[in-house]
Amino acid sequence: MANTIEGPRQMMLKNCTMQYAKFKNSVNFRGRDQWELSLITEDAEQAQEWNNKFVGTVKPNNAMKPTAWTVSLNRKVLTSKGDENGPIRVVNADKQPLSPAQLGKIGNGSVGNIILFQGPYDNEFGQGVFNSLTAVQITELVAYEGGVSDMDFDLEGEGANVEGADDGELF
């Protein structure tokens, strides 16, 4: 099997288990801003399908589960020409767009359908298929309830009295 496709295409992957959805805000990866999503499966046939469809680098994930495979997907904020790419379209099972607050509540284990744009490339780095995550439909939501912004310190002792605080010293 060749390591490329004939021309640009869109493709849908159905019934995918998701993890690490970063749709509310883009993240910086190797100097480029992007939105991200990882897919995970324990189904060897589904992992092989992702591989056959050039979805990305499908890797065994022995650290999480000895029988799991994962693939990472993304959409760059800017195109290769520097134009705005637009965010990933994320909808619920009824195809209604999710609000920014709802985008932050997509937790690991959520299930849905994924639309990718794929195109062949042949350049000085090699030949293959690039993927751009276009749309996600959440069919089964596992709500994300935590977050680093939810943590704070408890007051210790008699409130905020800290030795040395009157003279501007912290320690």
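The values are calculated or read from the model by the stated rules, or taken from the named source; none is laboratory data. As the structure is a prediction and not an experimental result, all values here were calculated from the model. Because the Cβ atoms are built from the backbone with ideal geometry, glycine has one as well, and the counts that use them run over all protein chains shown.
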Item to complete: Could you tell me whether the range 148-157 includes any residue that is over 18 Å from residue 50 (Cα atoms) and at pLDDT 90 or above?
Response: no
Worksheet entry | Any hit, the range 69-85, residues being among the β-branched types (Val, Ile, Thr), farther than 22 Å from residue 137 by Cα, out of contact with any helix residue (DSSP H, G or I) (no Cβ under 8 Å at 6 or more places or on another chain) and free of Cβ contacts under 8 Å to residues at least 24 places away in the same chain | yes
Worksheet item: Only one of these conditions is not met by residue 32: (1) within 14 Å of residue 114 (Cα to Cα); (2) touching a strand residue (DSSP E or B) at 6+ places or on another chain (Cβ under 7 Å). Which number is it?
Response: (1)
Practice prompt. For the range 66-84, name all the residues that are of a type outside the set (D, E, K, R), closer than 12 Å to residue 35 by Cβ and buried (at least 17 other Cβ atoms within 10 Å of the Cβ).
Written response: 72, 73, 74
Discussion item. Restricting to the range 3-19, give me the number of residues that are of a type in the set (Val, Ile, Thr) and under 12 Å from residue 130 (Cβ atoms).
Written reply: 2
Item to complete: From the list 81, 24, 95, 65, pick out the single residue that is modelled with pLDDT of 95 or more and either in a loop (DSSP other than H, G, I, E, B) or in contact with a Gly (Cβ under 9 Å, 6 or more places away or on another chain) (or both).
Response: 95
Discussion item. Is it the case, given these coordinates, that residue 125 is farther than 21 Å from residue 42 by Cα and modelled with pLDDT of 95 or more?
Written reply: no
Worksheet item: Among the residues of the range 52-62, which ones are surrounded by fewer than 13 Cβ atoms within 10 Å (Cβ to Cβ) and part of a loop (DSSP other than H, G, I, E, B)?
Response: 57, 62
Worksheet item: In the range 13-33, how many residues are closer than 23 Å to residue 99 by Cα, under 13 Å from the mean Cα position of the chain (by Cα) and surrounded by fewer than 18 Cβ atoms within 10 Å (Cβ to Cβ)?
Response: 6
Practice prompt. Specify the residue that is farthest from the chain's Cα centre (by Cα); the eligible residues are those in the range 98-114 that are surrounded by 16 or more Cβ atoms within 10 Å (Cβ to Cβ) and assigned to a helix (DSSP H, G or I).
Written response: 102
